[in-house]
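In what follows, a single structure is set out as structure tokens and then discussed.
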Amino acid sequence: MSLFGDFSITRNAMIKSIDKALKIIDILGDSEGPSNVSEIARTIKADKSSVYRILQTLRQRGFVEQIEDSKEYALGVKILTLGSKLLSKMKLVPILRPFLQSLVDKTGETGHLAVLRGSRVVYIDRIECGEVLTVGSAVGNAEPIYSSATGKAILSFLEPELLGKVIEGIASEGYSRFTDNTVNSTQNLMVELENVKKNGFAVDNEERYRGVVCIAAPIKDYKDKVVTSIGISGPVSRMNRKKVDLLSEIVLGIAKGATEHLRNIHLHLNL
């Protein structure tokens, strides 16, 4: 075998190992608790020995940690450190914080800001409401874009080329069915996005979590480019159809105010 042939094999093996490592990080991030080698290997359809070796490398670098006196693993401190560095670069948060606070004050529900990252949305800010029962994703959490109001609000207003790439990414990963209401095909998603574009806001009607309803609208910069979405989430017991109609007007109004603010200060956000 030629030297270049050997290099090609080594390069392909390295790419596969990196892909497995990233999948493991994703699994640990999505898991409600620590996971063991067998569970991870079964999920990513890999042999346990290779998963174990990758976990040890990730552990040495601080990306995962092994639970004391256990054979289970969880995300490590390095992930939190990287996440904090990313969030510190988000110029949107301090600029749009007053609008998010206003949204929470006017609706009485938990408010969120989210940005697009690949085929997911990442929450970059959150303000809890004063209710005893609160719901919503934590800052730094990533959610599938097709099953969240914040995600669909961004997706509906993307430029056609970028929209196509994101849809392609979703289709390659596959549509997970979180509840009976989750969008489960590209065809259904495109219909949903048309409705969002027509209305100006998106609704997650128990599509990601049972019993949770979310409403979100896009915020654009002075170039008319959508840079984030702002929204609220609450239990279905407080957010019935009539209430959603009322709250959606508030969300849309706040989003338009935030968009106007970004345009006025001529701030180009390269996110």
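Does the stretch 161-204 hold any residues that are of a type outside the set (Val, Ile, Thr), closer than 24 Å to ARG238 by Cα and more than 17 Å from the chain's Cα centre (by Cα), and which are they?
Within the stretch 161-204, ASP180, ASN181, GLU192, ASN195, ASN199, GLY200, PHE201 qualify.
Does ALA41 meet the test of being over 23 Å from ARG120 (Cα atoms) and either free of Cβ contacts under 8 Å to residues at least 24 places away in the same chain or assigned by TED's automatic domain parsing to the domain that holds ILE15 (or both)? Spell out how you get there, then give the answer.
Numbers: over 23 Å from ARG120 (Cα atoms): yes; either free of Cβ contacts under 8 Å to residues at least 24 places away in the same chain or assigned by TED's automatic domain parsing to the domain that holds ILE15 (or both): yes.
Yes, satisfied.
Within the bounds of the stretch 212-222, is there any residue that is among the charged types (D, E, K, R) and more than 16 Å from LEU113 (Cα to Cα)?
First, pick out the residues of the stretch 212-222 that are among the charged types (D, E, K, R): 220-221.
After this cut, where a residue has to be more than 16 Å from LEU113 (Cα to Cα) as well, the list is none.
Looking through the stretch 212-222, none of the residues is among the charged types (D, E, K, R) and more than 16 Å from LEU113 (Cα to Cα).
Could you identify the single residue in GLU207, GLU143, GLU194, GLU173 that is out of contact with any Cys (no Cβ under 7 Å at 6 or more places or on another chain), farther than 28 Å from LEU103 by Cα and of a type in the set (D, E, K, R)?
Answer to the check: GLU173.
Name the single residue, out of those in the stretch 52-86 being among the aliphatic types (A, V, I, L, M) and either touching a Gly at 6+ places or on another chain (Cβ under 7 Å) or at pLDDT 90 or above (or both), that is nearest to HIS261 (Cα to Cα). First the steps, then the outcome.
Initially, the stretch 52-86 is screened for residues among the aliphatic types (A, V, I, L, M), giving 54-55, 58, 64, 67, 74-75, 77, 79-80, 82, 86.
Among the residues that remain, those that are also either touching a Gly at 6+ places or on another chain (Cβ under 7 Å) or at pLDDT 90 or above (or both) are: 54-55, 58, 64, 75, 77.
Numbers: ILE54: 47, LEU55: 46, LEU58: 43, VAL64: 41, LEU75: 38, VAL77: 36 Å.
Result: VAL77.
Kindly check whether there is at least one residue in the stretch 216-225 that is surrounded by 21 or more Cβ atoms within 10 Å (Cβ to Cβ) and farther than 20 Å from PRO94 by Cα.
There is no residue in the stretch 216-225 that is surrounded by 21 or more Cβ atoms within 10 Å (Cβ to Cβ) and farther than 20 Å from PRO94 by Cα.
The values are calculated or read from the model by the stated rules, or taken from the named source; none is laboratory data. Everything numeric in this text was worked out from a predicted model, so none of it was measured. As a convention, Cβ positions derive from the backbone with ideal geometry for all residues, glycine included, and neighbour counts pool all protein chains shown.
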